[in-house]
Structures are given as C-alpha cells and as structure tokens.
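Note sheet for the following structure.
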Amino acid sequence: MANPPPPTRPTRRRLGHRWLLVFPFIWQACLAPAVNDIALTPFGLPFPMFWQMAGIVLTSVVIAIVFRLDAKAGVEAEEAAFLAHSLKTHEDGAP
C-alpha cells in the first residue's frame, strides 16, 4: 500500500506577529545594563530586580499574544496535520 502524499503546504500566512518575541530579548539583553545604576527601589526592591520581574511579566504577555495570533492564523491546524502525517508514516514503517 502506497503512502499518502505529504500534506501540501497551505497558502502563505502572515506570521509577522512573531517578531513580537524579540521584545523580551531586547528587554533583558539590551536594556538591562542600562538599569543597573538606577537607585529607585519600587516596592522595596532594588531596581534591577524589579526590572527583571517586570520582564517576566512582559514575556508572559508577549507569548500569550503570539499564541493567540498563531491560533487565529491557523498554525495549530497545520501542526496537527503534520503530526498526523508523521504518525501515519511512522506506523507504516517508512523512515
């Protein structure tokens, strides 16, 4: 029995929203050195520690936004089709 052809690649979707994932990197890697000398103590915390905690919240929000936009773009359906094809190929014994 012949293997079914792999799923065709759907039309090109707009996934430019994934560039939002650069912001947490810029927040942590590029801007953190600039806040090391700030003497403010919000909530009784040294400012660099507060900055890192705010970065965790920012990263979580950005990932949630990208996840929602990916779902809206249909990425989950594409991943499900790929996994179904991969499992089918694996069960048939094809490499």
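Among the residues of region 13-31, which ones are aliphatic (A, V, I, L, M) and without any contact (Cβ under 8 Å) to a residue 40 or more places away in the chain?
Taking region 13-31 first, the residues aliphatic (A, V, I, L, M) are 15, 20-22, 26, 29, 31.
Hits for region 13-31 are Val22, Ile26, Ala29, Leu31.
Sort out for me the helices (runs of 4 or more DSSP H) sitting completely within region 16-86 that have 2 or more residues that are under 16 Å from the mean Cα position of the chain (by Cα) and modelled with pLDDT under 90.
Correct list: 47-73.
Among Val62, Val66, which is touching a His at 6+ places or on another chain (Cβ under 9 Å), closer than 22 Å to Arg14 by Cβ and open to solvent by less than 60 Å² (accessible area, probe 1.4 Å)?
Val66
Every residue, every condition in (1) among the aromatic types (Phe, Trp, Tyr); (2) open to solvent by less than 90 Å² (accessible area, probe 1.4 Å); (3) in contact (Cβ under 8 Å) with a residue 24 or more places away in the chain, yes or no:
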residue: Val35; (1), (2), (3): no, yes, no
residue: Phe47; (1), (2), (3): yes, yes, no
residue: Asp70; (1), (2), (3): no, yes, yes
residue: Ala73; (1), (2), (3): no, yes, yes
residue: Thr89; (1), (2), (3): no, yes, yes
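The values are calculated or read from the model by the stated rules, or taken from the named source; none is laboratory data. As the structure is a computational prediction, the values presented were derived from the model and not from experiment. Here the Cβ is made from the backbone with ideal geometry for all residues, glycine too, and neighbour counts use every protein chain on show. Note: accessible area is taken over every heavy atom of the protein model, side chains too, but ligands, DNA and RNA are not part of it. Shrake-Rupley method; radii C 1.70, N 1.55, O 1.52, S 1.80 Å.
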